[in-house]
Amino acid sequence: MGRERTRRRFLKTAAALLIAVLIAALSFSCKGRPQEATGEKKVYKLTFGHNMPEGSSMDTAARKFAETVSQKTGGSVAVTVYPNQSLANDYKMIEMAIEGDLDILLSPTAKMSAVVPAMQYSDIPFLFPHKEDAYEMLDGVPGKLLLGQLDQYGLVGAAFWGNGFKQFTANKEIHSPKDFKGMNVRVMKSQLLMDQFRELAANPITIDFHETYKALKDGVVKGHENPIAAIYGMKFYEVQSHITVSNHAYLAYVFCFSKKTMEKLPPEVQQTLLTAAKELTRFERELIDGQESGILKKIDAAGVKITHLTDDEIQQFQLAVKGILYKYAPVIGTEVIGVTMEHLKKKYNYETGDEIIIGLNADMSLGKSQAGVAIERGMRIAVKEINEKGGLLGKKLIVVTMDHAGNTARSNENINLFAKMKNLVAVMGGLQSHIALAGLEIIHTNKLLYLVPWAALPEIVQNNYSPNYVFRVSANDTYVGPFLVNQALKKTKKIALLRVNSIFGAKNEEIMVNFAKERGLQFTAIESFNTNEADYHDQIERISRSGAEVIIMTANVEEAAKIIKSLFYADKKIPVISHRSITGGNFYNETKKELKAIDLSFVQTYSFITANNARSKEFVKKYMAEYGIKSPQEIFSPEGTAHAYDLVMLLAEAIHQAGTLDRAKIRDAMEEIQHYKGLTKTFSPPFTEQRHDALDEKGYFMAVFDNNGAIIPIDGGKND
């Protein structure tokens, strides 16, 4: 009996240990780490994830990799392939590979750029004339430099596979950049790809790869880009009527391994994995290339119209998106871009990288983006006009836009990137004064000319830097404050001030209070508010009780709209005289119902409606042709556009006079321009050594919104 009990106890213990070992092994395997199976022969079980459908060419190549590795290791490595994001989405799989929970990963470079920004390299539009150029660069020095950056993030780069050149799809024919104007376009989550479509005047919307079909079907987006294999494999052709074969960028995939996984494997197994990935690169590419003509025939048979861009059309697109190369060169790396440009020059005699760059650093996507777009349009029309006349110093000009989205830190990062660009001569700013102030040190450290077409705080220009690299063609709050008070006094002496709690609001209060005191005037009330406040009832109620008969408002676009809505529901609808900041965003569309009952006017410096000089009329013609409008009333945020145009033209004159791209000499030349007949006014001179503000209060006038949101002068608004 004792022996039997001992035997049963031993068997139970052994069984428990065996179960524990199996559970541990299963847990180890589920986490995607290499597993050594029990028995005499060790088998390392590895997981391999990618996003393409099962049976696709990429999936076929991935399974070929698994077979090859098994054969080369005599079965000691077993790779299980998980296609179609069956483990997780691309970003999660990247995270899993870094953590060691996924052993092998094929990820689009655009998505890998979330970890390694330089991986955006192959997404630069119209960079590679032919797929062979993409292969040569990705397999050569640029590719090695990019793959080498993965190590510091817990990944081991092996090779670049790919899904072919990307093509445009839409529900209409695409032949030129203008065909994208206003179109909602699906992009993967990539700043470069969003910038690409913004350069084409489209509206990029980030949508996951596997949600794209539904988004196209439902009309959330009207177009997208993908290689032929993906368009067919994901059936995008079923919900798009046109495909344009543009070959505008190569959709490369990073073939990489988890560093944590590799460190657990014997050296010979590591080498086998790396070698197999490299050796099968050609096989994978040939699969993709070989199927494209057949797929296009099937898509054509399904009733989709397929067109090919002509050489002339390709050149139009190349010119439209050329700024992308300059913008991302510092991010991708000068050596990577340098080797690529040398290859293109040697093989195709391409002359690239020699344009004169003017940067734009503004909010292009959030609340102040209307001002950013208006400024950009003025810049682009000026640049086009200059280039049509032969450019400057034998070079063409180009505008490179960066979106700071209202974020000071991001703005400063942009300025640092601009400073690294070859042939960059100046940076244009946007609407927000506090962002301009925050960048002054970087601007002067790098000797960047900073052009101000909107921001109005005096300290931006009167900044105590010597030499001063900031030049402004815009309103200056030193004059705006008194002008607004004088406008209010035309109505009454019972004036209240309502201003935002910021440097913008505080400075305007200081200027207006001092001006009022000098005239023996006191505001009936001074009320302030924080940004993003939801309710302004209390401030308006106190202003009403103060007996005020007019309100001077200094507010950002978002808060100004809420103030007008609150005033609409107040018992007493007090007239409002506003700072010009409200014209830089979506203010009118937010308040058009309330404005029917509120007397609102605001200060402006320029109007295309009342301008009668020949230069203004010619500009309006060019603007209407370029942006598809029918009247000057449709030019939104007009002063931003006019100021930006004049600043570019003044800069061009300074470059011409300096005869060099040396920024210090251009700065000096800006102070020496004697005469310029611009849109905003005739400048004689625009700037001097002591004065870098080109406008004063003589050109200010009041305006209102009409029933269509157009800005209409109400007291002349004439510009010479």
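Please determine whether any residue of segment 166-176 is in a strand (DSSP E or B) and hydroxyl-bearing (S, T, Y). Within segment 166-176 (the criterion being in a strand (DSSP E or B) and hydroxyl-bearing (S, T, Y)), the answer is yes, since at least one residue qualifies. Elements of the type helices (runs of 4 or more DSSP H) sitting completely within segment 606-720 and holding at least 2 residues that are of a type in the set (V, I, T) and buried (at least 20 other Cβ atoms within 10 Å of the Cβ): these cover 638-658.
State whether one or more residues within segment 305-326 are modelled with pLDDT under 95, more than 30 Å from A405 (Cβ to Cβ) and either of a type in the set (S, T, Y) or in contact with a strand residue (DSSP E or B) (Cβ under 7 Å, 6 or more places away or on another chain) (or both). The answer is no; no qualifying residue exists. Annotation note: Cβ proximity below 6 Å between a residue of segment 423-439 that is closer than 18 Å to K327 by Cα and a residue that is among the acidic types (D, E) and part of a loop (DSSP other than H, G, I, E, B) (sequence gap 6+ or interchain) occurs for G430/D363. Scanning segment 614-655 for residues that are without any contact (Cβ under 8 Å) to a residue 12 or more places away in the chain and over 17 Å from G709 (Cα atoms) yields A614, K617, E618, K621, M624, A625. Does K172 count as surrounded by fewer than 16 Cβ atoms within 10 Å (Cβ to Cβ) and within 26 Å of H224 (Cβ to Cβ)? Judged against the criteria, K172 is a match.
Results for (1) farther than 15 Å from I306 by Cα; (2) crowded, with 22+ Cβ neighbours inside 10 Å; (3) touching a strand residue (DSSP E or B) at 6+ places or on another chain (Cβ under 8 Å); (4) touching a residue at least 40 places away in the same chain (Cβ under 8 Å), shown as yes or no for each residue.
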{"position": "M183", "(1), (2), (3), (4)": "yes, no, yes, yes"}
{"position": "V187", "(1), (2), (3), (4)": "yes, yes, yes, no"}
{"position": "P204", "(1), (2), (3), (4)": "yes, yes, yes, no"}
{"position": "K217", "(1), (2), (3), (4)": "yes, no, no, no"}
{"position": "G223", "(1), (2), (3), (4)": "no, yes, yes, yes"}
{"position": "N226", "(1), (2), (3), (4)": "no, yes, yes, yes"}
{"position": "A230", "(1), (2), (3), (4)": "yes, yes, yes, yes"}
{"position": "F236", "(1), (2), (3), (4)": "no, no, yes, yes"}
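Can you name the strands (runs of 3 or more DSSP E) wholly within segment 217-283 that have at least 3 residues being closer than 26 Å to A114 by Cβ?
Of the strands (runs of 3 or more DSSP E) lying wholly inside segment 217-283, those with at least 3 residues that are closer than 26 Å to A114 by Cβ span 223-227, 250-258.
Looking only at segment 553-597, which residues are of a type in the set (F, W, Y) and either closer than 17 Å to A455 by Cα or buried (at least 24 other Cβ atoms within 10 Å of the Cβ) (or both)? So that I can check it myself, show each step before the final result.
So in segment 553-597, the residues of a type in the set (F, W, Y) come out as 568-569, 587-588.
Of everything in segment 553-597, just one residue is of a type in the set (F, W, Y) and either closer than 17 Å to A455 by Cα or buried (at least 24 other Cβ atoms within 10 Å of the Cβ) (or both), namely F587.
Here G303, G290, G323 are screened, and the one residue that is within 25 Å of D179 (Cα to Cα) and either surrounded by fewer than 18 Cβ atoms within 10 Å (Cβ to Cβ) or without any contact (Cβ under 8 Å) to a residue 40 or more places away in the chain (or both) is G303. Taking segment 44-124 as the region of interest, the helices (runs of 4 or more DSSP H) fully inside it that hold 1 or more residues being among the hydrophobic types (A, V, I, L, M, F, W, C) and more than 29 Å from the chain's Cα centre (by Cα) are 57-72. Scan segment 225-277 for residues that are out of contact with any Ser or Thr (no Cβ under 7 Å at 6 or more places or on another chain), over 26 Å from F317 (Cβ atoms) and of a type in the set (S, T, Y) and jot them down. Correct list: S258, T261, T275.
Here is a yes/no grid of residues against (1) over 22 Å from P204 (Cα atoms); (2) not hydrophobic (A, V, I, L, M, F, W, C):
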residue: F317; (1), (2): no, no
residue: E335; (1), (2): yes, yes
residue: G338; (1), (2): yes, yes
residue: K347; (1), (2): yes, yes
residue: N361; (1), (2): no, yes
residue: A371; (1), (2): no, no
residue: V383; (1), (2): yes, no
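Within segment 579-632, the residues that satisfy the criterion of being of a type in the set (D, E) and in the same structural domain as E559 (by TED's automatic domain parsing) are E590, E594, D599.
Residue-by-condition table, conditions (1) in the same structural domain as E313 (by TED's automatic domain parsing); (2) hydrophobic (A, V, I, L, M, F, W, C); (3) under 26 Å from D300 (Cβ atoms):
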position: F128; (1), (2), (3): yes, yes, yes
position: G140; (1), (2), (3): yes, no, no
position: K144; (1), (2), (3): yes, no, no
position: D179; (1), (2), (3): yes, no, yes
position: P204; (1), (2), (3): yes, no, no
position: A215; (1), (2), (3): yes, yes, yes
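Within the bounds of segment 216-224, is there any residue that is over 24 Å from the mean Cα position of the chain (by Cα) and more than 24 Å from D312 (Cβ to Cβ)? The answer is yes; a qualifying residue exists. Filtered by the rule that a residue be touching a strand residue (DSSP E or B) at 6+ places or on another chain (Cβ under 6 Å) and more than 26 Å from N530 (Cβ to Cβ), segment 484-500 gives Q487, K491, T492.
Exactly one residue out of F705, F683, F701 is in contact with a strand residue (DSSP E or B) (Cβ under 7 Å, 6 or more places away or on another chain) and farther than 30 Å from L600 by Cα: that is F683. Of all residues in segment 484-496, those that are within 19 Å of R542 (Cβ to Cβ) and under 44 Å from the mean Cα position of the chain (by Cα) total 3.
The values are calculated or read from the model by the stated rules, or taken from the named source; none is laboratory data. Note that the coordinates shown come from a computational prediction; the quantities given were computed from them, not determined experimentally. Note: ideal-geometry Cβ built from the backbone for every residue, glycine included; neighbour counts use all protein chains shown.
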